Every structure is written in C-alpha cells, then in structure tokens.
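Worksheet: one structure, shown below.
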Amino acid sequence: MSAPVRQPKVTEREARQVAEAARERDWHRPSFAKELFLGRFRLDLVHPHPLPAAEDVRRGEAFLAVLRDFCETRIDGARIEREARIPDETITGLKEIGALGMKIDPKYGGLGLTQLYYNRALALVGSASPAVGALLSAHQSIGVPQPLKLFGTREQKDAFLPRLARTDLSAFLLTEPDVGSDPARLATTAVPDGDEYVLDGVKLWTTNGVVADLLVVMARVPASEGHPGGITAFVVEADAPGITVEHRNAFMGLRGLENGVTRFHRVRVPAGNRIGPEGAGLKIALTTLNTGRLSLPAACAGAAKWCLKIAREWSGEREQWGRPIGRHEAVSAKISFIAATAFALEAVVDLASQMADEDRNDIRIEAALAKLYGSEKAWLIADELVQIRGGRGYETADSLAARGERAVPAEQLLRDLRINRIFEGSTEIMHLLIAREAVDAHLSVAGDLIDPDKSLADKARAGARAGGFYARWLPGLVTGAGQLPGSYGEFGALAGHLRYVERTSRKLARSTFYAMSRWQGRMELKQAFLGRIVDIGAELFAMSAACVRAELLRTTTDHGREAYQLADAFCRQARLRTEELFTRLWSNTDDLDRRIVDAVLGGAYTWLEEGVIDPSGSGPWIADASPGPSRKENVHRRLP
C-alpha cells in the first residue's frame, strides 16, 4: 500500500482547471436564468407558475400539519440557544415523525416529499429553531441521501436509505483546515488496497459530524494502475475504526449545531461504498448542490416572514412622539422593505423549488441565485428588524424575559442568519460560480480565442464559430417586447415591471459582451465587475418570480390585490438597486481598491494599526492537519 499523499501544491491555473472539470458542461434543458443573462426574457419558462400535483399537495400538507404541531410542542428554541445543544429527545422525535426522510422515496421508508414541500418544512422548522433546521438540511440536502439518490447504486440505496430515512443522521465532509472553495488542494487521501480504500486526512466544519452515523467523504485517490484517481466520494460509517471527532466547534450563531473536526487515520472503506467512479467526487458534490442549495433560501424566506410579523406587531405597539413608530417614515421605509422582500424571497424559493420538481428546466443558476439572493437579503432584513426594535433588538431574549418583556430573539436571528452568506458557497464564490455559468455560451463559442494555450488553428476555428454566433445573437439585443407598451398586459399593473426586466436583460447581456470584448482573458480577474453582473441578474430573477407569484395568487386566492401591492413595491425597490448596480459597472473604485490592497498586503500601512491591542493571541492561522493518528479524545456521540 502506498504512503498517504501530502497536500498537493497547485497553481492558480491548475485550480481553475479542476473546478472547470467538475462543472456540468451540457445544457440539455432550458434555463430561465441562463436565458436572462443572455438577454432573452423567456417568461414562458416560468409563467403560468408551475403547480404541484394534487397528491403531492395532500401528502405535503399532511406532513406540515404534523411538523407544525411538533415544532410548537417539542422544540424549545430558547433552550437550544441556552444549552448550545439540540436535546436528544428532540432529535428522537424528529425521527419518529419521519423528518429525517422527507426527501427519501417511500419505498425506502421515507416520506417522498417534493422539493417544494421539503423547503416549506425547512422554513417552518427553522423558524422554531434555526439549529434544528440546519441539522435536517445538512442531513438531507447535502448529506448521504441526496448523492445516493442521484448517483448511488441499487445496492447502496437498499443498504443505506432505509437507515437514513428513520434512524441515522448523515454529514457531508469536504472542507479541510486549509481547503475551502479550492478543492484542487484537497489533502485527504483514499489509497486503494485490494477491495478497500484507506482514508487519511482531516476534515473541518463537519455539520452534523459530531453526532452523525453516516458520512459522505470527499478524498483524493492517487492515480495508479487500474485506478484513474481524482477526487472521489465515499459513504463512510462514522464509528469506523480510525475516525476521531477531535473537536466540537462553537460559533457566533446556530449554537446548537453539531459541527466538528474529524480525523481519518487508516480508515478502511469498502470499494462498494464509493459513490460513482473515481474522480467524479466534485461533479457529484456540485450536482447535489444544484437543488440542495435551495434549503438555505427556504430558511431565509421563513426568517423574513417571522421578521415581518415581529416588525408589524412591535411597530404598532411602540409609540414615540405621539404615534406608533411604524407611522414614522424612517421606520416605515424599513417595514416596507421587509414586507416586499419577504414576499419576493418566498416567490423565488417556491418558483425554483417547483421548477426542480417538474424537472423540465435546468435550474443550476436559479438555485444558485436563490441561495445568493436569499442569504444576502435575509441578513439585511434581520438587521433592519434589530434597528426597528432599538435597544431591545440588541438585548437577548432571555434578558428580555427576565425583566418581564416578550422574549423576541432578534439578535439571535441576526447571528444565526450570518452563516448563510458563507455556508454552501460564500457570496463571493457564488458570484464567481454564477458568472461562469452566465457566460458559458460565450466561452463555448469564443473561449479558445482568449485561451493562451490554444494554437493559432484553434483560435481561427473559434473565430469562425464566434462570428456566426454573434451575428445571430447581437441583433436580438437591440429591440424586444420590453419596448412595446402593451406587452405582458395580462399582468395589469405589474406589466411595466416585466417590460423593464425584458429591456434590462438585454442591457445586461450587452454589458457582459462589452466587458468580454474589452478585457478578454483578463475577464476572470474582474471579480467585482462580475459580482455586479450577477447581482443585477439576481434582481431581475427576483422581480420575475415576484410578478409571476402575484399573478398566481390573484387567480387562485383572495390575496391577489395585496400580492400585487407587495410585488409592485418590491419591483420598484429592486429597480433602484439595479440602476445603481449598472452605474457601478463602469463608475467604481475597483482599480484604486486593488492598489490599496497591494499596499496593505505589502505592509505600507502598518502604522495605521498602531494604538490598539490585538486580543487574538499568537497561535497559527491554520491548524496543523498533517495525517496521522489522533492524539485527542473522541467527542463523537451516538444519539439514541
């Protein structure tokens, strides 16, 4: 058996190549968001709003009723926050009602809920306790069930899914102490040895890892005879010899999260536990996240709805200068933002979830946009709620209760939501991921023109392809339905907003094309520019979802007028943000910022750091993760 491979040293270009190889390259089905970035507003892909089948509704609503009763009677969010642990009896209860198997097929003992109802369940349970919501999401959205559902063999599904549906918790282990969103540097190895692999390495931030029964582990298989190698996914029993949970991490929020550091030392895993072929691990992880990411914006939508409730009740009760604070314009603007954005966040999640259930569209960009937009806007909503509550917003719920006031955990929500801008792809990484997909059509036809490694012959062929593509594409960006006053008339008062989306999507595509023409191969370095391009697309997607949802509610409920009001308010707010983003595409401090950063990193401003005390100590920035036996106590605990 070969010795474990140490962490690979890779160049920036090699790292990008690994990430590129893991992408799902083909687009077999249409994508509303992809078309939006290309300047083509395909409203027909999302309108009429897709709806769930009657049986899915019946099964989903029945479970939501059970879950609501459980949340109200058996989840004590204040206790979880206070004790920094989800009580064992709460997790046992979740198992009893089938919450571990919400997305698992009934033939394996699961509930078989649709993505739509799974996300509604997460929003509900997350409002009772964000830590419980995170536990269920980590188990099913990115844990063992989802990759097995998509890539597992029949034998693997038969062996593991019944356990995962009722009794066993799972965790997803990719991140390492010195490896985050750059998997090319993954150091954990899985060395083939007969009919087994031998795992060595350390994994960090293993959500559920402290209490999990089954793990999805990403490890690098060295290339050898009969083994193509590469980053590979494995199902691993959490109590296998050689596995040590060395530490339970503590965070500013989600205090009940069972998140740890897990060490593997000569852990033997049967080859039959490998998910997919060697080298497919990253592609499996990214494909799993295409829908798995929707759990985060679902929780964010639930948080936004709770914030609206508290803002409404408090702002009508609290008086200043002879009138309720909600009647003062400085506060009313915040309430309007919360209400309109809560409506839009739910619209985005429900639309993306139902699109995932229908499986007619490729939603990889929609899911990523939902995660990006939901995590950013929910954080702003919670921040505004704290501001509306004033000093009480900064005070803990326990302290409020101790002095006789309603225990509103506004400051806790702010802390709990903060991680969503980092979880499952930080905002910065999401910008780059979405931007890559948004320009895929351009790179497919013209990528070789800006690739320094391509030959002159390759560049000539690419030039011919690009000429044909742009000859067809560019004329379509000049005019469109958004310039016709009667377009989208069935949307009544919202039609003008959809015309704006159509016009602006073409403007967005022209801006992207101009930037690619201007910067060519340097485009990938213009991360601030790309981030603004993505943020504009996110606003347009959210506006579309809000309008489509308002029209659905107009035709199916008694809340149509109110839904139109909220959608109108959201779209007006979003249009202001969009116009500001367009201005900042070309009028910004990006070049100056880079010069300042060069000076900061070069030590030119260390004098500015004088006059303060650094309380952070003198330990290493990144803990040693060298492979080898553990020297720490195993804090892994088995749940009843």
Residues located in the range 396-412, provided they are of a type in the set (D, E, K, R) and either in a helix (DSSP H, G or I) or within 16 Å of the chain's Cα centre (by Cα) (or both): ASP398, GLU411
Unique match (being in a helix (DSSP H, G or I), at pLDDT 95 or above and either open to solvent by 30 Å² or more (accessible area, probe 1.4 Å) or closer than 22 Å to SER31 by Cα (or both)) among ALA471, ALA567, ALA493, ALA563: ALA493
Failed condition for GLU313, given (1) of a type in the set (D, E, K, R); (2) part of a helix (DSSP H, G or I); (3) over 30 Å from ILE325 (Cβ atoms): (3)
ARG472 among the basic types (Lys, Arg) and more than 21 Å from ALA515 (Cβ to Cβ): no
Enumeration of residues in the range 589-614 that are closer than 30 Å to LEU540 by Cα and under 30 Å from the mean Cα position of the chain (by Cα): THR589, ASP590, ASP591, ASP593, ARG594
Residue that is surrounded by the most Cβ atoms within 10 Å (Cβ to Cβ), among those in the range 210-231 that are within 14 Å of PHE264 (Cβ to Cβ) and under 23 Å from the mean Cα position of the chain (by Cα): ALA212
Hey, ARG415 in contact (Cβ under 8 Å) with a residue 60 or more places away in the chain, assigned to a helix (DSSP H, G or I), of a type in the set (Lys, Arg) and open to solvent by 40 Å² or more (accessible area, probe 1.4 Å) or not: yes
Checklist (1) over 31 Å from the mean Cα position of the chain (by Cα); (2) closer than 30 Å to THR512 by Cβ; (3) of a type in the set (Phe, Trp, Tyr) applied to TRP586, failing item: (1)
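Considering each of ALA333, ALA356, ALA339, ALA301 in turn, give the residue that is in a helix (DSSP H, G or I) and surrounded by 24 or more Cβ atoms within 10 Å (Cβ to Cβ). Before the answer, list the steps.
Working: ALA333 fails: surrounded by 24 or more Cβ atoms within 10 Å (Cβ to Cβ); ALA356 fails: surrounded by 24 or more Cβ atoms within 10 Å (Cβ to Cβ); ALA339 fails: surrounded by 24 or more Cβ atoms within 10 Å (Cβ to Cβ).
Within the list ALA333, ALA356, ALA339, ALA301, the selection yields ALA301.
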Residue selected from the range 418-433 under the condition in a helix (DSSP H, G or I) and under 22 Å from ILE80 (Cα atoms), by the criterion most open to solvent (accessible area, probe 1.4 Å): ARG418
The range 115-156: number of residues that are open to solvent by 10 Å² or more (accessible area, probe 1.4 Å), in a loop (DSSP other than H, G, I, E, B) and of a type in the set (Val, Ile, Thr): 1
Selection status of ARG255, part of a strand (DSSP E or B), open to solvent by 20 Å² or more (accessible area, probe 1.4 Å) and of a type in the set (D, E, K, R): no
Yes/no for GLY447 being modelled with pLDDT of 95 or more and out of contact with any Pro (no Cβ under 9 Å at 6 or more places or on another chain): no
Scan of the range 182-231 for residues that are polar (S, T, N, Q) and out of contact with any strand residue (DSSP E or B) (no Cβ under 6 Å at 6 or more places or on another chain), ordered by number: SER224
Of all residues making up the range 213-227, the number that are more than 22 Å from ASP182 (Cβ to Cβ) and free of Cβ contacts under 8 Å to residues at least 60 places away in the same chain: 3
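Can you tell me which residues in the range 304-323 are more than 33 Å from the chain's Cα centre (by Cα) and surrounded by 15 or more Cβ atoms within 10 Å (Cβ to Cβ)? Spell out how you get there, then give the answer.
Taking the range 304-323 and keeping what is more than 33 Å from the chain's Cα centre (by Cα), we get 316-323.
Answer for the range 304-323, where residues must be more than 33 Å from the chain's Cα centre (by Cα) and surrounded by 15 or more Cβ atoms within 10 Å (Cβ to Cβ): just ARG318.
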Residue within the range 190-197 that is over 20 Å from SER295 (Cβ atoms), in contact (Cβ under 8 Å) with a residue 12 or more places away in the chain and surrounded by 24 or more Cβ atoms within 10 Å (Cβ to Cβ) present: yes
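The values are calculated or read from the model by the stated rules, or taken from the named source; none is laboratory data. Everything numeric in this text was worked out from a predicted model, so none of it was measured. FYI the Cβ positions are ideal-geometry reconstructions off the backbone, even for glycines, and counts take in every protein chain you see. With ligands, DNA and RNA removed, areas are computed over all heavy atoms of the protein, side chains included. Shrake-Rupley method; radii C 1.70, N 1.55, O 1.52, S 1.80 Å.
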